[in-house]
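Working notes, structure below.
Where a number appears in this text, it was derived from the coordinates with a stated rule and is not lab data. Quantities reported herein were computed from a predicted structural model and do not represent experimental measurements. Every residue, glycine as well, gets a Cβ built from its backbone with ideal geometry; the counts of neighbours run over all protein chains shown.
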């Protein structure tokens, strides 16, 4: 089966895809058109639907599943689709969601089992209770099995956040023996819970956008609030040193406040400082891996996570 990014200039594309974004424009002849971002499991591509009717303008919305008949064109060096015909998908089409969104290359069940192994390895009863309560919550656990780690920057695909967490835990396990000043259990708990607020900062796992609470509060503070709520439920004092340390690591994991990257406080413990760099390494390497995979035969490509071009190498 071929997907959106498999097609080349001049080819006809007849397939199902997901509407990721939509803008209405007015052409020089005063007719309206749609500028769309369409996606499937291979990635996203821009598309134009000219001379759009009022009915289609109303019917096609973000997160709609549509069937298109289109042609690939290259505009300013990038492929885009020019749609000739389009309709909404119907239940009889039996479109599988896994074909419509990019998915982590690692099966969710395998990642979840690795996560559970890490939880069992937390020695602190307090931290293990907090993590277990979070993961067994029906809503949190359900969202964690499918949500991305972000909209665009890294692990931005189905159950990408779960992959990110497991990758961080693997890195932490290898680095802890080198740095005895780091609190192992707090580091493991931070790996698991540092982005728990993203489950509410982002709208959904299919075509995520930022929620109103996400934009007004942000996932670091939302994550700390979730931890506080769990502690109250379990009768764990909010002043418990391990709880304070865990929330500090969450609130500082975007780095020093003066960098302007969103931390509520700068890291003030070895564990918090180490976790910030672990998170940076894993997020940046994932973003670079995606950029390199999309380069094809090109020697250079722009990597948004680094805000610069990167070289493919040998």
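Key figures
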item	result
Likely footprinting exposure, 32, 258, fewest C-beta neighbours within 10 Å first	258, 32
Between helix 219-234 and the chain: long-axis angle, C-alpha atoms, 0 to 90°, nearest 10	50
Highest average packing first - 300-308, 94-102, Cβ atoms within 10 Å	94-102, 300-308
Estimated 222 nm signal from helices in the chain, with DSSP H stretches of n ≥ 4 weighted -39500 (n - 2.57), rounded to 500	-12000 deg cm²/dmol
Gain upon complete extension [residue 61, residue 280; 0.36 nm per residue less C-alpha separation]	75.4 nm
Likely footprinting exposure, 201, 133, 138, 113, fewest C-beta neighbours within 10 Å first	138, 113, 133, 201
Simple spin-label estimate for residue 88 and residue 29 in nanometres, 7 Å along Cα-Cβ	2.8
Spherically averaged projected area in nm², based on the convex hull that wraps the Cα atoms of region 1-117	9.3
Burial ordering of 222, 285, fewest other beta-carbon atoms within 10 Å first	285, 222
Pairwise label distance in nanometres, residue 209 with residue 106, each label 7 Å out on the Cα-Cβ vector	3.1
Relative contact order computed over the chain (Cα-Cα under 8 Å; 6+ residues apart), in percent	12
Gaussian network model of the chain, springs between alpha carbon atoms under 10 Å - residue of 77, 218, 121 with greatest fluctuation	77
Which labelled figure in (1) 65, 42, 33; (2) 66, 46, 37; (3) 56, 39, 31 is Cα extents along the principal axes in Å, once derived from the coordinates	(2)
